[in-house]
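The structure that follows is given in the form of structure tokens.
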Amino acid sequence: MEERIDLRDTTQGLCYHGDPPQMVRYSGIPIIALTLVGCFYPPQQRPLPDSRTHLILHLPYYKAWDAVHAVIKENEYRIITENPDDGTIEAQAAGSFTLADADCGKLEAVGRKYNAEPDLDATALYDFQIKPRGNEMSTVEVQGTFTAPLHVPLHPTRGEQCSSRGTQEARLLAEIGQRARDDHSLTLKPSPMPLPARQTVQ
């Protein structure tokens with residue numbers, strides 16, 4: 001059963017209520033004046049499976065770091081902070097995100113529920129963690145943080161953290177894995193044999 005929380009309690013949900021409909025007159029014509037009534041149901045935050053957030057690479061740490069950097073650059077993400085000593089990178093995606101990436105909860109108005117859509121001001125941040133696993137292997141973990149502004153009529157806009165579906169995390173790990181395989185195959189590719197020197201005719 002979903003719980004509707006009063007506007008003054010912003011820890012779990014949000015409701016805004018107005019007065020009952022009233023009959024008023026405008027230029028002598030009776031009309032119904034409806035005030036705003038509705039609720040916001042925040043998404044349930046669930047942990048994602050490791051298959052969508054963790055990856056093992058058969059590469060040493062420094063090459064895994066380079067592979068993550070290359071994917072961040074290819075996606076045109078902006079690096080906010082990075083620390084190669086502890087293997088952390090925080091990057092922000094350009095633009096917003098979609099409901100396929102994260103669940104932003106539901107809105108209810110006039111007895112109807114619908115998905116809360118992230119708008120152009122929504123942000124997606126990705127935290128990458130690269131760790132060595134011996135000398136020739138590494139692990140990569142990525143966690144996405146999706147935040148969308150919640151627009152409630154007649155109230156200040158506030159940021160609401162959406163629940164990641166793991167779609168973007170899985171995509172990024174797949175790209176990092178492919179980059180690692182490409183780099184590894186280039187390393188193992190044998191150098192071409194030099195052509196034999198031509199004999200000089202005396």
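Expected output is a single nm value to one decimal: the length gained when fully extending between Asp127 and Ala94, i.e. 0.36 nm times separation in residues minus the C-alpha distance. What is it?
Taking Asp127 through Ala94 to full extension adds about 10.4 nm, to one decimal.
With only Lys, Arg, Asp and Glu charged, each at its Cβ (+1 for the first two, -1 for the last two), find how big the charge dipole of the range 68-116 is about the Cα centre; round to the nearest 20 debye.
Charge dipole, the range 68-116, about its Cα centre: 460 debye, nearest 20.
Can you pull the one-decimal nm distance between simple spin-label points at Asn75 and Glu136, each 7 Å off the Cα toward Cβ?
About 3.0 nm separates the two model spin labels.
For the range 74-121, list log₁₀ I(q)/I(0) at each q in 0.13, 0.22 Å⁻¹, using the Debye formula over Cα point scatterers of equal strength and ignoring solvent, two decimals each.
-0.50, -0.86
Let me ask something additional. Expressed as a rounded percentage, what relative contact order does the range 86-158 have, with Cα pairs under 8 Å and six or more residues apart?
Relative contact order of the range 86-158: 31 percent.
Bear in mind these aren't lab numbers, they're just calculated from the coordinates by the rules spelled out. Keep in mind that what you see is a predicted model, and the values were worked out from it rather than measured. Cβ coordinates were reconstructed from backbone atoms using ideal geometry, including for glycine residues, and neighbour counts include every protein chain displayed.
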